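Trainee: Have a look at this one before I ask anything.
The values are calculated or read from the model by the stated rules, or taken from the named source; none is laboratory data. Just so it is clear, the model here is predicted, and its values are computed rather than measured. Backbone-built Cβ (ideal geometry, glycine too); neighbour counts: all protein chains shown.
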Amino acid sequence: MIQESPPQGIGFAAAEFALNPEPRCPCVLLLDTSSSMHGAPIRQLNLGIQTFREELIADAMAIKRVEVAIISFGPVEVVSDFATADNFFPPPLVSSGQTPMGAAIERALGLLETRKVAYKSNGISYYRPWIFLVTDGSPTDAWWRAAEHVKTGEQAKKFMFFSVGVEGADFSILRKISVRDPLKLKELRFSDLFKWLSGSLGAISRSNPGEAVIMSNILEVVLRRTTDFPEALQAKYYRAVHEFNSFQKEWIFFTGDSVFLKKRSELARLKSEYEGLPEHEKRKILQLKNERKENQRTQFLSQFRIENVKIAGMGNGHKATLQSYGIETAADIDGLQVLEIPGIGSMLATQLLEWRDEIAARFIFDPDKEIDPIIIAKLKNRIIIRRRQIETALTHGETALHHLVEKTKTNAIAKMPQAKKLAKNLAQAKVDWEFVR
């Protein structure tokens, strides 16, 4: 049997992916090399590409996952096919010819689709590809169909298309080609541009395919950089941290579970008390039985009212004063308490105590006498009232807990947009500052 050989290139790709099965982050650089890029522009562009390669190689993850291809136009040429950073050795670009931008874009889309087929055939997952167009002029070919393909591809999330215009670029046409606003690069800062690009691709390569990644803000970091810009970005980052931390306290207050847990703990305590009420009643009755002698003595002393006693030196005014302090019978007399009452004095206090002790000496304890039914009835009534109070609290408590849960959800929903906004601002500010520091 004759074994058919695989198409050219497939065997090499299989070997390449077998050696490095990491997910791929493909990026096509669409670079204008028309004659208008002659001189300083093409030199700076070549330096920028070298910076791009060095930055990718320095990133342990990006070197394995980011794949770069370069297509120059003027004329259209695949200068460097897809390769990881360690195998990315682009030749120096030379300026010549016109600006066939439309053909270059269509060539990039075709190259990208071919690479996706290779990924899928070899079981390699990949991130959404990037196409990065850099130009200093206006298309010299029919670019309308390419623009439609870009819009269709972006809508289907097949890739992300960025356009950067150097001084002299036709931004009105770039706006018609890309769904994103074209970016204007000042002073031929290609190194800054490619440094941002490598940092962004590196950040993507450290994520999982499909995850959202916060990237440095190219408009501010690359195109508007000034001497004090790092300090401004640092201040912006610290401000974002402060705003996020302040909001976090507010979030915890309005959406935290502290109020819910406190209420639930209170209801658990009430439930425990409710279940213990029968035992509580038994203990109280036993306590009353154990205190029968003292209770009988108190009842005996309560029969002797101060208003009816005659003590030398104590008039009706003194009796009224004592009554105003709740001392009405012999059972109410306490030495220290009486001494503190204004106008009574130690002599009258001593006489009152002697009167109480004289009556107490006549008390006889009756061990056979049951507890006063009125006292028992009062005790039982207090427990009945408490039982009803707890039942009401527990019945309403379930509704209260449900209300707290719903209120927390409502608060979370209401504050979620602000939370997301502040979190995004913080992440963006952090990435931007780390990019330039």
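Trainee: Quick check: anything in the stretch 37-44 modelled with pLDDT of 90 or more, farther than 25 Å from G137 by Cα and surrounded by 22 or more Cβ atoms within 10 Å (Cβ to Cβ)?
Mentor: Taking every residue of the stretch 37-44 in turn, none turns out to be modelled with pLDDT of 90 or more, farther than 25 Å from G137 by Cα and surrounded by 22 or more Cβ atoms within 10 Å (Cβ to Cβ).
Trainee: When you look at A419, is it in a helix (DSSP H, G or I) and touching a helix residue (DSSP H, G or I) at 6+ places or on another chain (Cβ under 8 Å), yes or no?
Mentor: Spelling it out, A419 is indeed in a helix (DSSP H, G or I) and touching a helix residue (DSSP H, G or I) at 6+ places or on another chain (Cβ under 8 Å).
Trainee: Count, please, the residues in the stretch 43-60 that happen to be part of a helix (DSSP H, G or I) and closer than 15 Å to T84 by Cβ.
Mentor: 7
Trainee: Take the residues in the stretch 310-343 that are in contact with a strand residue (DSSP E or B) (Cβ under 9 Å, 6 or more places away or on another chain) and within 12 Å of W355 (Cβ to Cβ), then tell me which one is surrounded by the most Cβ atoms within 10 Å (Cβ to Cβ).
Mentor: Among those that are in contact with a strand residue (DSSP E or B) (Cβ under 9 Å, 6 or more places away or on another chain) and within 12 Å of W355 (Cβ to Cβ), it is A330.
Trainee: Go through the stretch 45-69 and count every residue that is in contact (Cβ under 8 Å) with a residue 40 or more places away in the chain and closer than 20 Å to S95 by Cα.
Mentor: Matching residues across the stretch 45-69 total 8.
Trainee: Still on this structure: Is it the case, given these coordinates, that I285 is surrounded by 13 or more Cβ atoms within 10 Å (Cβ to Cβ) and either within 17 Å of Q351 (Cα to Cα) or in contact with an Asp or Glu (Cβ under 9 Å, 6 or more places away or on another chain) (or both)?
Mentor: no
Yes or no, residue by residue, for (1) crowded, with 17+ Cβ neighbours inside 10 Å; (2) out of contact with any strand residue (DSSP E or B) (no Cβ under 7 Å at 6 or more places or on another chain); (3) modelled with pLDDT under 75:
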{"residue": "L183", "(1), (2), (3)": "yes, no, no"}
{"residue": "D192", "(1), (2), (3)": "yes, yes, no"}
{"residue": "L197", "(1), (2), (3)": "yes, no, no"}
{"residue": "R206", "(1), (2), (3)": "no, yes, yes"}
{"residue": "I218", "(1), (2), (3)": "yes, no, yes"}
{"residue": "V222", "(1), (2), (3)": "yes, yes, yes"}
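Trainee: What do you reckon, is S80 in a strand (DSSP E or B), polar (S, T, N, Q), closer than 25 Å to H149 by Cα and in contact (Cβ under 8 Å) with a residue 24 or more places away in the chain?
Mentor: Here the answer is no, as S80 does not meet what is asked.
Trainee: Being surrounded by fewer than 19 Cβ atoms within 10 Å (Cβ to Cβ) and touching a residue at least 60 places away in the same chain (Cβ under 8 Å) is the filter here, so list the residues in the stretch 92-110 that pass it.
Mentor: Once the filter is applied, which keeps residues that are surrounded by fewer than 19 Cβ atoms within 10 Å (Cβ to Cβ) and touching a residue at least 60 places away in the same chain (Cβ under 8 Å), the stretch 92-110 yields V94, S96, G97, Q98.
Trainee: Moving on. Where the second residue is assigned to a helix (DSSP H, G or I) and surrounded by 13 or more Cβ atoms within 10 Å (Cβ to Cβ) and the first is of a type in the set (S, T, Y) and lies in the stretch 243-265, which pairs have Cβ atoms under 6 Å and are six or more apart or on separate chains?
Mentor: From the stretch 243-265, the pairs are T255/T408; T255/N411; T255/A412.
Trainee: If I ask for residues that are farther than 14 Å from S36 by Cα, in contact with an Asp or Glu (Cβ under 8 Å, 6 or more places away or on another chain) and of a type in the set (A, V, I, L, M), which ones from the stretch 97-114 would you list?
Mentor: Once the filter is applied, which keeps residues that are farther than 14 Å from S36 by Cα, in contact with an Asp or Glu (Cβ under 8 Å, 6 or more places away or on another chain) and of a type in the set (A, V, I, L, M), the stretch 97-114 yields A103, L111.
Trainee: Do we have K421 as over 30 Å from L270 (Cα atoms), exposed (fewer than 15 other Cβ atoms within 10 Å of the Cβ) and within 24 Å of the chain's Cα centre (by Cα) here?
Mentor: yes
Trainee: Return the residues of the stretch 111-152 that are of a type outside the set (S, T, Y), closer than 20 Å to S198 by Cβ, within 36 Å of the chain's Cα centre (by Cα) and surrounded by 15 or more Cβ atoms within 10 Å (Cβ to Cβ); say none if nothing qualifies.
Mentor: Answer for the stretch 111-152, where residues must be of a type outside the set (S, T, Y), closer than 20 Å to S198 by Cβ, within 36 Å of the chain's Cα centre (by Cα) and surrounded by 15 or more Cβ atoms within 10 Å (Cβ to Cβ): P129, W130, I131, F132.
Trainee: Hey, can you tell me all the residues within the stretch 266-310 that are part of a helix (DSSP H, G or I) and of a type in the set (G, A, S)?
Mentor: A268, S272, S302
Trainee: Sticking with this one: Within the stretch 166-180, can you find the residues that are surrounded by 12 or more Cβ atoms within 10 Å (Cβ to Cβ) and at pLDDT below 90?
Mentor: Within the stretch 166-180, V166, G168, R180 meet the criteria.
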